[in-house]
Every structure is written in C-alpha cells, then in structure tokens.
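**Q** Once you've had a glance at the structure underneath, I'll fire off some questions.
The values are calculated or read from the model by the stated rules, or taken from the named source; none is laboratory data. Please read these numbers as outputs of a predicted model, since none were measured by experiment. Glycine gets a Cβ as well: all are built from the backbone with ideal geometry, and neighbour counts include every protein chain shown. For the accessible areas, the whole protein counts, side chains as well, though only heavy atoms, and no ligand, DNA or RNA atoms are used. Shrake-Rupley method; radii C 1.70, N 1.55, O 1.52, S 1.80 Å.
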Amino acid sequence: MRIVVVGGGMAGTIFANNLARRLSSELKAGKARITMLSASDKHIYQPGWLYVALGRMTPDELEREEASLLEPEIAFFVDPVQSFRLGESHVVTRSGKVHEYDLLVIATGSRPVPEDVPGLKENSVHCYSAEDALKLHDRLQAFTGGRILVTVGLPHKCPMIPLEITFTMHDFIRDRGLIDKTEFYYTYPIGRAHSLENVATWASGEFAKLGVRQETFFNLKEVDGAKGCVRSEEGSEVKYDLLVAVPPHRGEAVIEENKLGPNGWIPTDRYSLHMQGDHGEKVIVLGDTTNLPISKAGSTAHFEAEVAAENAAAMVKTGRAARSYDGKVFCFIEAGKDRATYAMFTYQKPPEPRAPNAAMHAFKMAYNQLYWASVRGLM
Amino acid sequence: MIGHRVVDARGSFCPGPLMELIAAMKQVAVGDTLELLSSDEGSARDVPEWVQKVGHVMERSERDDARVWHLFVRKAK
C-alpha cells in the first residue's frame with residue numbers, strides 16, 4: 001500500500017508516525033510505503049506564538065527539523081504538491097515529480113488572510129506567525145496607553161485565542177504599570193463573549209472584574225486606518241489606539257487552485273474523515289483543511305490523525321476501517337494571572353469547563369515542551 | 001443565478017452553528033440562501049437575532065423529526 005501524506009504539520013506528522021509504528025513489519029517487508037511531501041523542512045509548534053507575543057518564548061524554541069521528528073521508515077521530501085490528480089491517483093510536486101498513491105492524506109492546514117477585510121492587514125497586529133508575534137510584542141512594548149481593541153474574523157484557527165490574547169495582554173500591560181492608562185475593548189462575532197456558552201459566561205464575569213469592555217455581534221467589515229476605527233457588519237464603529245486582530249483564515253491556496261474546496265476547506269465526512277465526492281474513498285482529510293464544523297485547533301488535528309492512522313493500518317492488515325472520529329477536541333484556555341482551564345467536547349458531548357487554576361497553567365507550560373513527544377506519536 | 005447551500009453544523013459546540021453561518025455567509029452572493037442545520041437549541045433564538053441585526057432575511061425555520069433545526073437565511077447585502 002502506497003500512502004502519501006501532503007503536509008508536515010501536526011496532523012500529517014502524527015498520522016505518519018502513528019501509522020509507521022503500526023505498519024513497522026509491513027514497511028520493512030516492502031508491503032507498505034509512507035511518503036510525506038511538505039512545503040518546509042521545519043516543524044513549528046504554532047500555539048507557542050502567543051507566548052512569543054508576550055515575550056515569554058522565542059521563535060527558535062518553537063521550531064524543529066521535520067525530519068528529526070519522523071520515524072526513519074517515512075520517506076520525507078521538501079517538495080510541496082502543486083497538482084492533485086485524484087482521478088489518476090497521483091499528485092505532482094513543485095519539482096515535477098509524480099507520486100502515485102493507494103491512500104492520500106491531505107493535511108495542508110490553514111493561513112490567516114487579514115487582507116480579506118479592507119484595511120485589516122495594514123492597521124492591525126496578530127500572532128499567527130513568529131514574525132507577526134514579534135511585531136505584536138514590539139507594539140505592546142512601545143504602547144504608552146490608550147485603547148487596545150481586540151477584533152475577531154471568521155473562520156479562525158484556535159477558538160480560544162480571542163480570550164487568551166485579551167487576558168494575557170491585560171497581564172502584560174498591568175505589569176508594565178500602564179493599566180490605569182489603558183482600556184481593553186473586546187469584540188466578538190456572536191451575541192456572547194465566546195462560542196462556548198459557559199466559557200462566555202465565565203469570561204464576561206472576568207472582563208467585568210478587570211474592567212474590559214465588550215461588544216458582541218461585532219463582525220469585521222473594514223478598518224479605517226486614517227480615522228483609527230473599525231466598522232462592523234452590524235453598523236457599529238469603534239476607535240482604537242492599538243488594533244489586535246484574530247484575522248479570518250482560509251485553507252492553503254493549493255487547495256483552492258485545485259478546486260478541492262471553497263476557500264481551501266475540503267468537504268469531509270465527519271466520521272470517516274474521507275473526502276466527500278468523487279475519488280474520496282482514496283482520500284483522507286485532516287486538521288484545519290477539513291470543512292467540519294469543529295474547532296480548527298491542534299488537538300482536533302491530533303485526535304483526527306490518530307483515528308485515521310488506526311483506520312489506515314487496519315485497512316492494510318484486515319481490509320476494513322477500525323473506528324469513527326467522534327469529534328473530540330481538547331483546548332487549553334489561558335486565563336491570565338498564570339491560571340488556565342480547558343474545554344473538552346465531542347459531536348455528542350458539550351464541554352463543561354472548570355474554573356481556571358494554577359495547576360492547569362503549569363500543565364499547559366509543560367505541554368509546550370511535551371508537544372515534541374506528542375508529535376512523534378509517543379503520547 | 002440564485003444559489004442554495006447547506007451548512008451542516010449539527011454537533012458543533014465550538015465554533016458553533018451561528019459562527020459557521022457567519023463564515024459561510026461571506027462565501028455566497030447577495031440573494032443566495034443558506035440552510036443552516038443545527039442540533040443546538042439556542043440556534044432558533046440567536047440566528048434570527050443576528051440576521052435581524054446585520055440586515056439579512058430570515059426566510060423560515062423548522063425542526064425535523066430528528067430535532068434538527070433547519071434555518072433558511074437569505075443574504076441581503
């Protein structure tokens with residue numbers, strides 16, 4: 001069985017490593033082959049960018065050589081796919097090489113597109129790359145007072161970021177002795193402070209204690225840099241001195257260019273994780289690349305990748321899939337003041353987040369290091 | 001040509017049905033209708049509230065035998 005994995009992020013790497021372990025004897029005997037095609041030789045721990053923005057981590061701490069994370073049996077090439085020829089069961093890379101497959105795994109991820117909102121790219125800062133996180137850190141260091149406006153586009157990666165960035169920036173500004181000169185103004189697209197109702201209730205209570213103003217039903221329409229204000233689809237206008245954005249996201253451009261899904265999100269079966277439509281029986285979609293109505297988050301990619309690897313191994317060994325993905329997601333929520341909580345849920349079971357505490361924050365800090373074991377498929 | 005698209009947000013707690021609808025609304029043309037499928041009780045309340053605030057048109061809503069809401073929203077601007 002020839003398995004080709006497109007994308008060397010969290011989903012692709014966990015899938016490939018998990019499968020390589022399960023198919024160890026088949027790989028050695030030449031009965032199976034795993035190939036990974038990536039756009040980069042680096043693997044980035046993206047949740048760490050929040051800490052870069054706050055000056056708590058540096059970008060080099062978040063980066064490893066992808067080859068060093070992979071099981072040795074996996075053939076790894078820095079040669080991104082340019083053309084998906086699903087009807088002929090092969091992909092073509094930038095170098096022109098053709099890779100035939102029996103199973104294709106697409107895990108190309110997502111990217112922020114602040115340019116989709118007029119004025120947002122030019123007038124805001126965010127933390128969706130190391131470079132952007134450093135810029136945000138510079139702006140926070142240079143801030144001398146005024147209004148910090150947090151604004152949120154849809155869809156976006158990491159659903160907890162709007163709250164986390166607000167709470168942790170509040171700490172940062174307080175520690176700089178500027179809290180009396182600063183107003184935090186939080187906006188959110190729906191009628192409460194977060195998509196999860198009980199998280200929203202908790203967050204609004206915290207905001208009230210901290211003096212953070214909030215405006216709900218606020219969907220980004222445009223940013224007027226000359227006037228220093230943001231306008232919403234709902235007709236509101238809010239001024240800012242520092243605009244911190246959670247920009248809208250799209251899937252990778254190669255997905256749109258190959259017409260695999262609008263805005264780069266591939267229609268995916270929520271249980272089997274196979275692509276919907278023609279040729280989907282040979283194509284699995286993982287992580288942010290799916291169009292599933294669940295969080296675009298690292299844990300989603302992780303849990304999906306485990307299910308997909310178990311199923312792929314079972315197909316090789318028994319000719320049938322092992323189990324369905326149940327929609328499991330686990331998200332840490334940094335709550336400021338070195339406290340954190342988490343939300344865990346599935347398609348069937350809603351989350352029941354607990355009050356934030358120091359132990360969960362310590363666990364999150366530990367996980368930032370444990371990630372490198374996790375992505376190898378060791379935990 | 002007027003389009004109709006289904007947004008299947010059953011079982012979505014985060015980002016949730018309304019967030020899925022708002023994101024999908026950006027991808028369709030004025031005049032198109034989105035049919036949002038939601039198993040969330042709150043959708044029958046919060047979707048019409050947002051639609052009214054932003055100025056789109058709530059065409060109708062109904063609940064099927066599986067207790068799934070079907071909310072039909074037309075993009076008006």
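**Q** So if each residue of separation counts as 0.36 nm, and I subtract the Cα-Cα distance between A:Ala29 and A:Ala253, what length gain in nm does that give?
**A** Computed gain between A:Ala29 and A:Ala253 is 76.9 nm.
**Q** Further question on the same structure: What Kirkwood hydrodynamic radius do you get for region B:4-74 when you take the inverse of the mean 1/r over all pairs of distinct Cα atoms, in Å?
**A** Over region B:4-74, the inverse of the mean reciprocal pair distance is 11.9 Å.
**Q** On to the next question. Using a 10 angstrom cutoff on alpha carbons, build the Gaussian network for chain A and name the most mobile of A:His274, A:His137, A:His90.
**A** For chain A, modelled as a Gaussian network with Cα springs under 10 Å, the answer is A:His90.
**Q** Using the crude model of +1 on Lys and Arg Cβ and -1 on Asp and Glu Cβ, and no other charge, please compute the dipole size for the protein assembly as shown relative to its Cα centre, in debye to 20.
**A** The dipole magnitude comes to about 360 debye.
**Q** Which lysines have a Cα lying under 19 Å from the Cα of B:Lys53, excluding residues fewer than 8 positions away in the same chain?
**A** Output for B:Lys53: A:Lys221, B:Lys26, B:Lys75, B:Lys77.
**Q** OK, next. Taking the alpha-carbon distance from A:Lys157 and a cut-off under 12 Å, which aspartates and glutamates remain once sequence neighbours fewer than 8 residues away in the same chain are dropped?
**A** Leaving aside aspartates and glutamates fewer than 8 places away in the same chain, those within reach of A:Lys157 are A:Asp288.
**Q** Take the alpha-carbon centre of region A:145-173, take the same for region A:29-104, and report the distance between them in whole Å.
**A** Cα centroid of region A:145-173 versus Cα centroid of region A:29-104: 30 Å apart.
**Q** Moving to a separate point now. How big is the A/B interface in buried accessible area, both sides summed, 1.4 Å probe, to the nearest 100 Å²?
**A** Buried: approximately 2000 Å² between B and A.
**Q** Sticking with this structure for a sec: What list of whole percents do you get for P(r) of region A:174-273, with Cα-Cα distances grouped in 5 Å bins up to the one holding the largest distance?
**A** Histogram of Cα-Cα distances, whole percents per bin: 3, 10, 15, 15, 15, 15, 11, 7, 5, 3, 0.
**Q** Find the accessible area per residue for region A:256-302; the probe is 1.4 Å, ligands and nucleic acids are left out, and the unit is Å².
**A** 37 Å²
**Q** Then there's this: Along the three principal axes, how long is region A:120-249 when you take its alpha carbons, biggest first, rounded to the nearest angstrom?
**A** Principal-axis extents of the Cα atoms in region A:120-249, largest first: 33, 31, 28 Å.
**Q** Another question, if that's okay. In degrees between 0 and 90, to the nearest 10, how far off the longest principal axis of chain A does helix A:197-210 point, with axes built from Cα atoms?
**A** 30 degrees
**Q** Once you have a ≥ b ≥ c as the square roots of the Cα gyration tensor eigenvalues for region A:1-80, tell me rounded if a/c is under 1.5, and otherwise prolate or oblate according to whether a/b is larger than b/c.
**A** Taking the square roots of the gyration eigenvalues as a ≥ b ≥ c, region A:1-80 is prolate.
**Q** How much of the DSSP bridge set in chain A is antiparallel, in percent, rounded to the nearest 5?
**A** The antiparallel fraction comes to roughly 50 percent.
**Q** Same structure again: From a point 7 Å beyond the Cα of A:Lys239 in the direction of its Cβ, which residues of region A:201-230 have a backbone N at a distance under 18 Å?
**A** Those under the cut-off are A:213-215, A:223-230.
**Q** May I pose another question? Per residue and in Å³, how big is the convex hull formed by the alpha-carbon atoms of region A:211-339?
**A** It comes to 166 Å³ per residue, whole-number rounded.
**Q** Quick check: pseudo-label points 7 Å beyond the Cα along Cα→Cβ at A:Arg176 and A:Met365, how many nm apart are they?
**A** In this crude spin-label approximation the distance works out to 2.2 nm.
**Q** Under a point spin-label approximation (7 Å from Cα along Cα-to-Cβ), what is the B:Glu62-A:Asp116 distance to one decimal in nm?
**A** Between B:Glu62 and A:Asp116, the label points sit 3.2 nm apart.
**Q** Ignoring any ligand, DNA or RNA, what whole percent of the accessible area of region B:4-74 comes from carbon and sulfur when the probe is 1.4 angstrom?
**A** 46 percent
**Q** So if the hydrodynamic radius of region A:234-305 is defined as the Kirkwood radius over C-alpha pairs, what does Stokes-Einstein give as its diffusion coefficient at 20 °C and 1.002 mPa s, in µm² per second?
**A** 153 µm²/s
**Q** Roll a 1.4 Å probe over the protein chains and send me the accessible area per residue for region A:61-201 in Å².
**A** I get 39 Å² per residue for this part.
**Q** Which distance in nm do the two modelled labels at A:Ser83 and A:Arg147 give, with both placed 7 Å along the Cα-to-Cβ direction?
**A** Here the modelled spin labels are 5.2 nm apart.
**Q** Let me ask something additional. Excluding B:Ala24 itself, calculate the net charge of residues whose Cβ lies under 12 Å from the Cβ of B:Ala24, where each Lys or Arg counts +1 and each Asp or Glu counts -1.
**A** -1
**Q** Something else now. Accessible area per residue for region B:4-74 in Å², computed with a 1.4 Å probe and the full protein assembly in place, what is it?
**A** Accessible area per residue, region B:4-74: 44 Å².
**Q** Then there is this: If R₀ is 51 angstrom, what is the calculated FRET efficiency for the pair A:Leu210 and A:Asp41, using the beta carbon separation as r and rounding to 0.05?
**A** Here the calculated transfer efficiency is 0.75.
**Q** Please report, to one decimal in angstroms, the Kirkwood hydrodynamic radius of region A:54-168 built from all distinct Cα-Cα pairs.
**A** 18.1 Å
**Q** Okay, next question. I need the Debye-formula profile for the protein assembly as shown: one equal scatterer per C-alpha, no solvent, reported as log10 I(q)/I(0) at q = 0.09, 0.12 1/Å, two decimals.
**A** Reported log10 I(q)/I(0), two decimals: -0.59, -1.06.
**Q** Now a separate question. Grab the beta carbon distance between A:Ala226 and A:Glu281, set R0 = 60 Å, and tell me the FRET efficiency rounded to 0.05.
**A** 0.65
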